[in-house]
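Engineer: One structure coming up, written as structure tokens, with questions to follow.
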């Protein structure tokens, strides 16, 4: 291509609105094309001056004809908008984390491959599993939502369910296309990826900060994360950010490839930046080789990584493997050795974590390691502490395990100045609340059995209790919980239901309307289900599925609370560890007292719901349904709850084993897949009929 831009046509020479519109569309297309060459492919065809001439011409046209400006126009990339605050965004598909493999040797890759093969039931002589291997970027996870090919929203991961709207900032990132490169854009495509900062951009930023006498930044990751979440996007011009795509969220009207590697290739054809340091390998040997090859080039990469990611390449096998808790069984992050430093161990204290785990914590002489100043580091448990042989006064090696949690690796050999006794005193009682400190059966960790009663666990207990899948108390977030607990307003869960508008208004940033809304949400949450209530209690090992199984099997809370370990083991998917956790929770008088106080506060549910030995019908037992689109009156969660209450299962994708697909407005590719496979499709009325009567010819009427 020539270094000269196409002949510019002054906007004054385009009095005809139609001609101006055609020229604006042509300019946008050219600018998108050259931005893709520059930012994504690193192969520009135009000098900067030529690109600037096209850009300025488009600016002039849009200024003369304001109606020509579109959301995906290159002139809208830097908005300079100051917002009052970041708005929450509910992810249509949760942004899940993946398991971390901290064994940084070849054994970490081999262990993952072994787990996958066992889960798939593969024999030793079966062919190797194909894996897609990628880099684990040290940045901020991001979800980009494209509708009809146009970027309409960018959101952070947040808690996985709800993130923050940072569209105004992500638009400034050159690698993020404002419009996908396709003539047939899908109705909806959510792209998951990572926002990061290159090392050279980070160094240039700090050079400018030093030259101007400003504050320098600690590391690229924190700088990128802070920049993405700032309210004024004008400051992002100096904090140059980058982006790589690595997966999908919600998809409608787009044919998803059969493999993860195919997904990445397809995203690249749409104009999204996908890192070239990726490969499809076979079995454990391939994983080990990829891990070693990237380790050898790690320091030469233009950005920071803290490991590599392995994913089972076949999406069908991913679906078969499924999830464990909230982590996929088909993926793992394999870390590299973290940075290490030496410092003095000044004392050892016992810390009670948010789940009640008692952890020995090393109090250190502050040391800069892994991009931050560390003064506390975990010693994991008393057995690990003794194995490492560290004592107060030692010089120890500190490592940022997983680049997040600092840990003491061991002591630096050398004579001690004086005799220091080994750390042998382990509390029989929780140092915070006085409840029993119990060692986990078959494990090395001790935990406080106080549960809901323990102040150290109170904040997390409140947030879990209020969660959308638990009691669903809208408006009870982190900052408000901090105020309620730190101010001594809330000391137990039942006190939530004693809150009134007046005492809520006494808190910071709580107006009358917000206070009234929260009181109303609390009042609404009093009517719930036994399954939700059991899940809300935060019993270790009891997730949503287990809570539903307990509710269905026992029917009443009293029967769950009084169940013996043998009776608990009769519940589907409840093994010895889960049964012991449930029994331990309800053996604590404090926890039983909290439960009774919550009942006294007016929390109720239909007694006997779903009991196995009751006459409650299970018309959908053994049947799998898939939901797609928007139903007229039922939310996705409400429909899912009704199906599960009737004994059915809700899956995320359509297969030959799917019993029914329930389709609403704007149903996407799942509806197409159902028709292709001949799976019966229902509307909301058909679902209600199915719930009432079970599978019948009348309930299997096709819609659409």
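The values are calculated or read from the model by the stated rules, or taken from the named source; none is laboratory data. Bear in mind that the values here come from a model prediction, so they are computed numbers and not experimental data. In this analysis, Cβ positions are derived from the backbone assuming ideal geometry, glycine residues included, and neighbour counts consider all displayed protein chains.
Engineer: Here's a check for you: in the range 398-411, which residue that is surrounded by 13 or more Cβ atoms within 10 Å (Cβ to Cβ) and part of a loop (DSSP other than H, G, I, E, B) is modelled with the lowest pLDDT?
Structural biologist: If we take residues in the range 398-411 being surrounded by 13 or more Cβ atoms within 10 Å (Cβ to Cβ) and part of a loop (DSSP other than H, G, I, E, B), then 402 is modelled with the lowest pLDDT.
Engineer: Sticking with this one: Restricting the range 480-504 to residues that are over 26 Å from residue 158 (Cα atoms) and surrounded by 15 or more Cβ atoms within 10 Å (Cβ to Cβ), which is farthest from the chain's Cα centre (by Cα)?
Structural biologist: Checking each candidate, the answer is 501.
Engineer: Looking at residue 654, is it modelled with pLDDT under 80, in contact with a helix residue (DSSP H, G or I) (Cβ under 6 Å, 6 or more places away or on another chain) and closer than 23 Å to residue 544 by Cβ?
Structural biologist: Working: modelled with pLDDT under 80: no; in contact with a helix residue (DSSP H, G or I) (Cβ under 6 Å, 6 or more places away or on another chain): yes; closer than 23 Å to residue 544 by Cβ: yes.
In short, no.
Engineer: So, of the residues in the range 229-267 that are at pLDDT below 85 and assigned to a helix (DSSP H, G or I), which turns out to be surrounded by the most Cβ atoms within 10 Å (Cβ to Cβ)?
Structural biologist: 233
Engineer: Tell me, please, whether a residue that is over 22 Å from residue 267 (Cβ atoms), surrounded by 14 or more Cβ atoms within 10 Å (Cβ to Cβ) and at pLDDT below 85 can be found in the range 193-213.
Structural biologist: Yes, the conditions are met somewhere in the range 193-213.
Engineer: Please determine, by comparing only the residues of the range 72-94 that are in a loop (DSSP other than H, G, I, E, B) and closer than 17 Å to residue 23 by Cα, which one is modelled with the lowest pLDDT.
Structural biologist: That would be 72.
Per-residue answers, yes or no, for (1) touching a helix residue (DSSP H, G or I) at 6+ places or on another chain (Cβ under 6 Å); (2) surrounded by 17 or more Cβ atoms within 10 Å (Cβ to Cβ):
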| position | (1), (2) |
| --- | --- |
| 430 | no, yes |
| 447 | no, yes |
| 461 | yes, yes |
| 464 | no, yes |
| 467 | no, yes |
| 470 | yes, yes |
| 478 | no, no |
| 515 | yes, yes |
| 520 | no, no |
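Engineer: A follow-up question, please. Might you check whether a residue that is on the phi > 0 side of the Ramachandran plot and not in a helix (DSSP H, G or I) occurs anywhere in the range 275-297?
Structural biologist: The initial filter retains those residues of the range 275-297 that are on the phi > 0 side of the Ramachandran plot, namely 283.
Adding the requirement that they be not in a helix (DSSP H, G or I) leaves none.
Looking for residues that are on the phi > 0 side of the Ramachandran plot and not in a helix (DSSP H, G or I), one finds none in the range 275-297, hence no.
Engineer: Something else: Assess whether residue 649 counts as being surrounded by fewer than 18 Cβ atoms within 10 Å (Cβ to Cβ), closer than 19 Å to residue 693 by Cβ, in contact with a strand residue (DSSP E or B) (Cβ under 7 Å, 6 or more places away or on another chain) and at pLDDT 80 or above.
Structural biologist: Against the criterion (surrounded by fewer than 18 Cβ atoms within 10 Å (Cβ to Cβ), closer than 19 Å to residue 693 by Cβ, in contact with a strand residue (DSSP E or B) (Cβ under 7 Å, 6 or more places away or on another chain) and at pLDDT 80 or above), residue 649 qualifies.
Engineer: Among the residues of the range 165-202, count how many are under 22 Å from residue 87 (Cβ atoms) and part of a loop (DSSP other than H, G, I, E, B).
Structural biologist: Residues in the range 165-202 being under 22 Å from residue 87 (Cβ atoms) and part of a loop (DSSP other than H, G, I, E, B): 6 in total.
Engineer: So, in the range 112-139, how many residues would count as being crowded, with 17+ Cβ neighbours inside 10 Å and over 24 Å from the mean Cα position of the chain (by Cα)?
Structural biologist: Residues meeting the conditions: 3.
Engineer: If you check every pair at least six apart or on different chains, which have Cβ atoms under 7 Å apart with a residue in the range 466-478 that is more than 16 Å from residue 598 (Cα to Cα) first and a residue that is in a loop (DSSP other than H, G, I, E, B) second?
Structural biologist: Partner pairs satisfying both residue conditions: 468/161.
Engineer: Quick check on the range 99-111. Is at least one of its residues within 25 Å of residue 265 (Cα to Cα), touching a helix residue (DSSP H, G or I) at 6+ places or on another chain (Cβ under 6 Å) and surrounded by 16 or more Cβ atoms within 10 Å (Cβ to Cβ)?
Structural biologist: Checking the range 99-111: at least one residue is within 25 Å of residue 265 (Cα to Cα), touching a helix residue (DSSP H, G or I) at 6+ places or on another chain (Cβ under 6 Å) and surrounded by 16 or more Cβ atoms within 10 Å (Cβ to Cβ).
Engineer: Does residue 525 count as surrounded by fewer than 22 Cβ atoms within 10 Å (Cβ to Cβ), within 30 Å of residue 555 (Cβ to Cβ) and touching a residue at least 12 places away in the same chain (Cβ under 8 Å)?
Structural biologist: Criteria not met by residue 525.
Engineer: Here is a follow-up. Kindly indicate whether residue 507 is surrounded by 14 or more Cβ atoms within 10 Å (Cβ to Cβ), free of Cβ contacts under 8 Å to residues at least 40 places away in the same chain and outside any helix (DSSP H, G or I).
Structural biologist: In short, yes.
Engineer: Can you go through 496, 518 and tell me which one is assigned to a helix (DSSP H, G or I) and either in contact with a strand residue (DSSP E or B) (Cβ under 7 Å, 6 or more places away or on another chain) or over 25 Å from residue 589 (Cβ atoms) (or both)?
Structural biologist: The match here is 518.
Engineer: Residues that are within 32 Å of the chain's Cα centre (by Cα) and surrounded by 19 or more Cβ atoms within 10 Å (Cβ to Cβ), at least 3 per element: which helices (runs of 4 or more DSSP H) completely within the range 545-597 meet that?
Structural biologist: 576-587
Conditions tested, residue by residue: (1) without any contact (Cβ under 8 Å) to a residue 60 or more places away in the chain; (2) touching a helix residue (DSSP H, G or I) at 6+ places or on another chain (Cβ under 8 Å).
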residue: 136; (1), (2): no, no
residue: 147; (1), (2): yes, no
residue: 198; (1), (2): no, yes
residue: 207; (1), (2): yes, no
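Engineer: If I ask for residues that are under 18 Å from the mean Cα position of the chain (by Cα) and surrounded by 20 or more Cβ atoms within 10 Å (Cβ to Cβ), which ones from the range 310-328 would you list?
Structural biologist: Residues satisfying the conditions are 310, 311.
Engineer: If you don't mind, there's one more thing I want to ask. Anything in the range 357-384 that is under 23 Å from residue 220 (Cα atoms) and touching a residue at least 60 places away in the same chain (Cβ under 8 Å)? List them, or say none.
Structural biologist: 371, 372, listed by residue number.
Engineer: Could you say whether any residue in the range 610-625 is in contact with a strand residue (DSSP E or B) (Cβ under 6 Å, 6 or more places away or on another chain), closer than 30 Å to residue 689 by Cβ and either modelled with pLDDT of 90 or more or crowded, with 21+ Cβ neighbours inside 10 Å (or both)?
Structural biologist: Yes, the range 610-625 contains a residue that is in contact with a strand residue (DSSP E or B) (Cβ under 6 Å, 6 or more places away or on another chain), closer than 30 Å to residue 689 by Cβ and either modelled with pLDDT of 90 or more or crowded, with 21+ Cβ neighbours inside 10 Å (or both).
Engineer: Within the range 521-544, track down each residue that is within 27 Å of residue 574 (Cβ to Cβ) and in a loop (DSSP other than H, G, I, E, B).
Structural biologist: Listed by number, the residues that qualify are 528, 529, 537, 538, 539, 540, 541, 542, 543.
Engineer: Condition (residue is part of a helix (DSSP H, G or I), under 20 Å from residue 149 (Cβ atoms) and either more than 38 Å from the chain's Cα centre (by Cα) or at pLDDT 80 or above (or both)) applied to the range 41-55: is it met by at least one residue?
Structural biologist: no
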